[in-house]
Structures are given as structure tokens and as C-alpha cells.
Amino acid sequence: MKIFNTKQEIKSYLTSKKEDNKTIGYVPTMGALHEGHLSLIKKAIEKNDLVVVSIFVNPTQFDNQDDLIKYPKTIENDTKLLESVSCDVLFLPSVEEIYAENIASENFDFDGLEHQMEGKFRNGHFNGVGTIIKTLFEIITPNRAYFGQKDFQQLQIIKKMVKKNRIPVKIKGCPIFREENGLAMSSRNTRLSKEHRTEAAFIYKILKKVRYKFNSEEANKINEWVESQFKEHPYLKLEYFTIAEEKTLKTIESKEYHKKYRAFIAVFAGDIRLIDNIRLKH
Ligand code: AMP
């Protein structure tokens, strides 16, 4: 696997590959890689001649400095994992390499997607995400880029950004990879205490019950039920739960046959914030 730290080096390497008509699949990550990341990388390997993974903990998408400082860094293990799945290229830039002296976000208009859910609780988060992904797309110019449905709002926002800015890349959404107990895999899971990690399985259990309830119950009733379940929980604190339409991410008003819905949740386990979601049928 080739490892590049500078824009210049990776650009010139990838330009030569493009001249040979190689297709590039790209998976942006913040490292502390797990099976969820690897599932995206494996998809990229299946469909492209060359696969690039980047590891970059993007400061502009964190509104919580403590979360940024404590974000897990396991670069040696990450490199081994990437080698083990035959990743071709790792891009590992420094903050200075990406932002030079100006660590700031561009302002984006994602047609309101950015004001829902995570947007309400993480100030400036999606401007940070948009800024870094746009920059990384410009450097790597991939044919296809892979994102997890774990961060479903992010996935929809990236699709919107690509469409609005006419960026020539296909965005591929990939299913959520879970631990054995159902907890959605996340780099932040390594920061959970043993107890919290076990208890956090509750989140997916609730989501599965929500999926069942959605067949026959009104969204308002389901919201109340979810809230009551967490009120009684000794380890987990609900930040938000909402059932929203996939396309606009707006909270459901009444079920419409042709629309697709998902339930979204954010929960604190101690001081670790966990998010998850599930596709609903109706
Ligand atoms: P991150 O390193 O957390 O920024 O994630 C990098 C990419 O991996 C994003 O597109 C995430 O949505 C995706 N991802 C993270 N966790 C999972 C998971 N459990 N299943 C599928 N994709 C995931």
C-alpha cells in the first residue's frame, strides 16, 4: 500500500493512474478503523481498479473540543487493517496540509438537510463535513465514493453537495455494520466503558421495536414510547429520537405511501455520544 502525506504527491500519483484509465474508489474516514469501515473499503475494491482511503480527523466538524482531542487514534493498527484488505493507497495528511493557516469552514446551503437532527445539536458540523469532503474530492477526484448509512444525514448531505456543485463522483451508500449485540460500530465505541458498551445494545433493540410499531402506530405515539423507555434507563440518556422522511430528513407528519422513512436516534452513554438509525417499512 502506498502512503501519501501531501496533496501534491497523491495528486500526481493518481493523475498517472487516471491516464491509464484506472477507476478510483474512495473511502474518507477519520481512522480508528473497524469492520464498518472495512465493509465500505471492500465494496470499493470490488467495483474500482484502485482504492484510496483517507484518514483525517477533521477539526472543523467538531463543535466539542474535548471530543476532538479525545478522538481515538490508532494509525499503526489502521495501516495493518488496510494492508489486510489490500487497500491500494492511504492518504494521511496533517491539518496544516489541508487547511494551511485557515482552519475554517465554507458555508453551505444543503436545502435544509443541515438543519435537521444532527444539525440541531452539533453547531457547524455539516459545514465542516462539506468543507473537508469537497476538498478531499478535489484532491483525489474519485469516480465513486463510499459512505456509511450509519451517518445517514451526512450521506444525504454529501449527495446534495455533489449534485449542487456538479462534482463528477458517484456517491454510494453502504449498510450499517453492527457489533454482535447490535450496537452500530463506531470509532467512539472504543471509548465506552465495558458496562456502557453492553448497555448500548439497547439502542438497536429499541430501533427494531420501532420498526415493528411503525406498521400500526402513529409516529407521535412511538416518540412517546421511545422517550419513556430511555427515561427508565440507568445508563443511557436520549438526546433525540425522530422518524423522518429519507429524502428531506423532515420529521414525519403523516405516512405517505410513496415516501421512505427512517427512525433516527442520538444517545449519550456516559459522555460518549452514539447515533444510529433504521429503515422503516409501511
Ligand atoms: P468515520 O471514520 O466515523 O468518519 O466514518 C467513515 C465512514 O465510515 C463514514 O462514511 C461512516 O458513515 C462509515 N461508517 C462508520 N461506521 C460505520 C458502520 N458501523 N457501518 C457502516 N459504515 C460506517
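Which order, highest average first, do 238-245, 89-96 follow once you tally other Cβ atoms within 10 Å for each residue and take the mean per peptide?
In descending order of packing, they fall as 238-245, 89-96.
Per residue of region 57-69, what does 6.51 cos²θ - 1.76 cosθ + 1.60 with θ = phi - 60° give for ³J(HN,Hα)? Whole Hz please, x for Gly and Pro, Karplus curve as stated.
These are the phi-based 3J(HN,Hα) values: 7, 7, x, 6, 9, 9, 9, 10, 4, 5, 4, 5, 5 Hz.
Rounded to the nearest 0.05, what FRET efficiency is calculated for K70 and N165 with R0 set to 35 Å and r the Cβ-Cβ distance?
0.60
Put one equal scatterer on each alpha carbon of region 187-276, apply the Debye formula with no solvent term, and list log10 I(q)/I(0) at q = 0.13, 0.16, 0.19, 0.21 1/Å to two decimals.
At q = 0.13, 0.16, 0.19, 0.21 Å⁻¹ the computed log10 ratios are -0.45, -0.65, -0.86, -1.00.
Among all helices in the chain defined by DSSP H, which have a length of 30 Å or more along the axis from Cα atoms plus a Kyte-Doolittle mean of at least 0.0?
Span-like helices, by this rule, are absent here.
Work out the charge dipole of region 187-276 with +1 on the Cβ of Lys and Arg and -1 on the Cβ of Asp and Glu about the Cα centre, then indicate which of Y204, I243, N215 is farthest towards its positive end.
Going by the charge dipole, the pick is Y204.
Counting DSSP beta bridges in the chain, what percent are antiparallel, to the nearest 5?
Expressed as a percentage, antiparallel bridges in the chain total about 50.
Under 5 Å between amide hydrogens, which residues at least 5 positions from D276 or on another chain qualify, with H placed 1.01 Å from N in the peptide plane?
The answer is I265.
Straight distance only, please: which aspartates and glutamates reach the Cα of K43 with their own Cα at less than 13 Å, same-chain residues fewer than 8 apart left out?
Those aspartates and glutamates meeting the cut-off are E35.
Quick check: at a probe of 1.4 Å, how many percent of the accessible area of the chain sits on carbon and sulfur atoms?
Working: 6690 of 14460 Å².
Here it works out to 46 percent.
Using the heavy atoms of the protein chains alone and a 1.4 angstrom probe, what is the accessible area of region 159-198 per residue in square angstrom?
Spelled out: the 1.4 Å probe surface of region 159-198, per residue, equals 63 Å².
Taking the alpha-carbon distance from K255 and a cut-off under 12 Å, which aspartates and glutamates remain once sequence neighbours fewer than 8 residues away in the same chain are dropped?
E217, E218, E245
What residue among I24, I265, I75 has the largest mean-square fluctuation in a Gaussian network model of the chain, using Cα springs under 10 Å?
Among I24, I265, I75, the largest GNM mean-square fluctuation belongs to I75.
For a 22 Å ceiling on Cα separation, which of these pairs sit above it: K17/K164; K73/K164; K213/K281; K7/K172?
K17/K164; K73/K164; K7/K172
Mind jotting down the three principal axis lengths of the chain based on Cα atoms? Whole angstrom, largest first.
Here the spans come out as 57, 42, 37 Å, largest first.
To check my understanding: the extent here is largest minus smallest coordinate of the Cα atoms along each principal axis. What are those three numbers for region 1-119, in Å, largest first?
40, 29, 29
Going by accessible area, probe 1.4 Å, with all protein chains left in place, what is the ranking of Y13, Y235, largest first?
These residues rank, largest area first, as Y235, Y13.
When you have a sec, figure out the Kirkwood radius of region 48-177 from all distinct Cα pair distances and drop it here in Å to one decimal?
About 15.8 Å for region 48-177.
Cα to Cα, under 24 Å, and not fewer than 8 places away if on the same chain: which lysines meet these conditions relative to K70?
K80, K120, K150, K194, K237
Considering amide H positions built from the backbone, and no H for Pro or chain starts, which residues 5 or more places from S54, or on another chain, come under 5 Å of its amide H?
Counting only residues 5 or more places away or on other chains, the set is V27, T29, F91.
Mind ordering 6-12, 215-221, 36-42 by average Cβ neighbours within 10 Å, highest first? The partial results should precede the final answer.
Working: 6-12: 14.7, 215-221: 12.3, 36-42: 21.7.
Ranking the peptides 6-12, 215-221, 36-42 by packing returns 36-42, 6-12, 215-221.
In terms of the ratio Rg/(2.2 N^0.38 Å) built on C-alpha atoms, what value belongs to region 151-226?
1.46
What is the magnitude of the charge dipole of the chain about its Cα centre, with +1 placed on the Cβ of each Lys and Arg, -1 on the Cβ of each Asp and Glu, and no other charges, expressed in debye to the nearest 20? Intermediate values should be presented prior to the final figure.
Working: 46 positive and 39 negative charges, 215 e Å.
The calculated dipole for the chain is roughly 1040 debye.
Go through N102, V85, V51 and say which Cα lies farthest out towards the positive end of the charge dipole of region 46-113; charges sit on Cβ, +1 for Lys and Arg, -1 for Asp and Glu.
V85
The values are calculated or read from the model by the stated rules, or taken from the named source; none is laboratory data. Please read all numbers here as calculations on a predicted model, not as lab measurements. Ideal geometry is used to build each Cβ from the backbone, glycine not excepted, and the neighbour counts take in all protein chains shown. In case anyone asks, the SASA skips ligands and DNA or RNA and just uses the protein heavy atoms, side chains included. Shrake-Rupley method; radii C 1.70, N 1.55, O 1.52, S 1.80 Å.
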